[in-house]
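Chemist: Quick one: structure below, then a few questions.
The values are calculated or read from the model by the stated rules, or taken from the named source; none is laboratory data. Just so we're clear, the structure is a prediction, and the values are computed from it rather than from any experiment. Cβ placement follows ideal geometry from the backbone for every residue including glycine, while neighbour counts extend to all protein chains displayed.
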Amino acid sequence: MSKTVLVINAGSSSIKYQLTDPVDGTAVASGIVERIGEDMGIVTHKYNGESHTTELVIADHGVGLRKVLELFEQYGPDLEEAGIVAVGHRVVQGGSVFPGPTVITDEVVEQIRGLIPLAPLHNPGHVRGIEVARELFMQVPHVAIFDTSFFQTLPAEAYTYALPKEITQKFAIRRYGFHGTSHQFVSREVANVLGLPNEEVSQIVLHVGSGASVSAVQNGRAVETSMGLTPLEGLVMGTRTGDIDPAVIFHLYRTEGLSIDEIDTMFNKQSGLKGMAGQNDFRELLRLIDEGSADAKLALDVFVHRLVKYIGSYMAVLGGLPNAITFTAGVGENNALVRQMVADRLAGFGIALDPALNEVRSGEPRIISTPDSTVKILVVPTNEELEIARQTVAKIAE
Ligand code: ADP
C-alpha cells in the first residue's frame, strides 16, 4: 500500500467511505455511518475481510466521522501508513458551475451550498460531510467529484427543456444528468475491452441499479443521458417513475387535491417497480413473478420496454448502430433475464446475446454477445469509488 485516497460520499443521514488505492483499484478499507441524527446510529467498518459494527448516538456528521477515525485506529489500517494523499468527495449536483473535478476551497463549499435548490436531498449532506472532513483531514487536499460533470458536454439541443427561455435561465432549469462518474468509468472500460481508443467508440451505457440511467457516449464524450434536472427523469427505477406526462401532476392536484410534496414523495419513493408491484428490489420482483404475480410481470415488462425505447432513440441520436451497448450496476451486472429480454427486443437490428456467456457470473468486464452480433453487448462492473479516487489523484497532480 503506497498511496491512497479516502473517498467520501456523505448523504443527509449517512456517510459512506472507502480507502482506495487509485492505481490498482483495491478497496483497502470501507464502511458506512448510518442514521445520523436519529435515536440510535450505527457504524460499520470493513478491513481485512472483517466487518466491525458499532452502535452509538450519532448527533451529526462530525460525531460520525470522528467515530470512523477511532475505528481505523482500533481495527486498522493505520491511517499514517495508509499514505492518504487526498480526500475525494462525491457530490451529486454540480450544476453548470463545475464541469470537472474541483479542489475544494471555502469558496467551492459555498458554491456547492448555492446549488442546494437544485439538489435539496443531496447537496446539504455533501456540504456537511465536506466541512467535517476538511477539519479532520487538514493536511491533505480535498477534491469534489460531481455526478453531473460528465454530462456537461451534452449539446444544447439535448439539455434544453422546451420551456419559456426566461424561466429556464432564471431558475437554471436544464437537463444535468446523474450517475456521471459511473457512466464515465464504464465507458472507458468498454473502450479497453474492445481494444479501441476511447475517442473512437460510439456506445450506449445502461446503468441499471435501484436508480437507473442511460447515456449515449460518442468518442469519449457524453451526448445524451436520461436523467434530467433531477434523477427522476428517464428509466423506470426501483421507486421512481422515470418519464411521465407532467400533466399527471396537475391531474392529481386537481382531482385528488394532493399537495406538491405528496406528489413529489409518490413519484420519487412510491412509484417505479415498488409502485407497480409492491417491491423495489429486483430479486424480490423476480420472486413475485415466479409466484405468478401479474403485477410483477407487468412491472418487469414496463421496465424492459422503457430500456428498449431509450436504446432505440439513442441509436438514432448516435446516427447508427453503436460499437457497444453495456449493462452495469446492481441489476445490469447481475440479472441475465433483463439482459436477455432487452437483447431479444433488439434482434431486428442484428443484435444477439450468447445465452451461455450471458449466464456467466463474474466481477470482470466481459463481452456477452455472439461473434456476429452487429453490436457488442457487454457487462462491465461499475466502480464509482475507484473513478473518484482516480479523478482526485489526477486533479491534485495538475
Ligand atoms: P444503488 O447503488 O442505486 O443503490 P445497485 O446498483 O446496488 O443500486 O442496485 C440495486 C439493485 O440491484 C436492486 O434492485 C437489487 O435487487 C439488484 N440486484 C443486486 N444483486 C442482484 C442479483 N444477483 N440479481 C438480481 N438483481 C440484483
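Chemist: What number of residues within segment 212-265 are under 24 Å from S96 (Cβ atoms), assigned to a loop (DSSP other than H, G, I, E, B) and of a type in the set (V, I, T)?
Modeler: Looking only at that region, the number is 1.
Chemist: Follow-up. May I ask you to say which residue of E135, E131 is among the charged types (D, E, K, R), surrounded by fewer than 12 Cβ atoms within 10 Å (Cβ to Cβ) and in contact (Cβ under 8 Å) with a residue 12 or more places away in the chain?
Modeler: E135
Chemist: S362 passes all but one of (1) among the polar types (S, T, N, Q); (2) closer than 22 Å to L196 by Cβ; (3) surrounded by fewer than 16 Cβ atoms within 10 Å (Cβ to Cβ); (4) at pLDDT 95 or above; which number fails?
Modeler: (4)
Residue-by-condition table, conditions (1) within 26 Å of L318 (Cα to Cα); (2) at pLDDT 95 or above; (3) of a type in the set (G, A, S):
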| residue | (1), (2), (3) |
| --- | --- |
| G129 | no, yes, yes |
| Q152 | yes, yes, no |
| P164 | no, yes, no |
| I173 | yes, yes, no |
| N219 | yes, yes, no |
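Chemist: Checking the structure you have, find out if any residue of segment 264-286 is more than 25 Å from the chain's Cα centre (by Cα) and loosely packed, with under 14 Cβ neighbours inside 10 Å.
Modeler: no
Chemist: Please enumerate the residues belonging to segment 288-315 that are within 16 Å of the ligand (Cβ to nearest atom), touching a residue at least 24 places away in the same chain (Cβ under 8 Å) and surrounded by fewer than 20 Cβ atoms within 10 Å (Cβ to Cβ).
Modeler: The answer is V302, V304, R306.
Chemist: Condition test on S13, is it assigned to a loop (DSSP other than H, G, I, E, B) and more than 29 Å from A397 (Cα to Cα)?
Modeler: yes
Chemist: So which residues in segment 196-238 are surrounded by fewer than 19 Cβ atoms within 10 Å (Cβ to Cβ) and acidic (D, E)?
Modeler: E199, E200
Chemist: Scan segment 104-120 and report the pairs whose first residue is at pLDDT below 95 and whose second residue is part of a loop (DSSP other than H, G, I, E, B), with Cβ atoms within less than 7 Å and a gap of 6+ or a chain change.
Modeler: Sorted first by the residue in segment 104-120, then by its partner, the pairs are L118/Q93; L118/G95; L118/A172; A119/V92; A119/Q93.
Chemist: Would you mind telling me which numbered condition in (1) part of a helix (DSSP H, G or I); (2) touching a residue at least 40 places away in the same chain (Cβ under 8 Å) E70 fails?
Modeler: For E70, the exception is condition (2).
Chemist: Now, a different point. For the subset of segment 333-377 comprising residues that are outside any helix (DSSP H, G or I) and in contact (Cβ under 8 Å) with a residue 40 or more places away in the chain, which member is nearest to the ligand (Cβ to nearest atom)?
Modeler: Among residues in segment 333-377 that are outside any helix (DSSP H, G or I) and in contact (Cβ under 8 Å) with a residue 40 or more places away in the chain, the one nearest to the ligand (Cβ to nearest atom) is N335.
Chemist: Now a separate question. For segment 145-155, indicate whether the set of residues that are buried (at least 23 other Cβ atoms within 10 Å of the Cβ) and aliphatic (A, V, I, L, M) is non-empty.
Modeler: Yes - at least one qualifying residue is present in segment 145-155.
Chemist: Those residues that are within 16 Å of the ligand (Cβ to nearest atom) and more than 23 Å from E284 (Cα to Cα), I need them from segment 316-332; list them, please.
Modeler: T326
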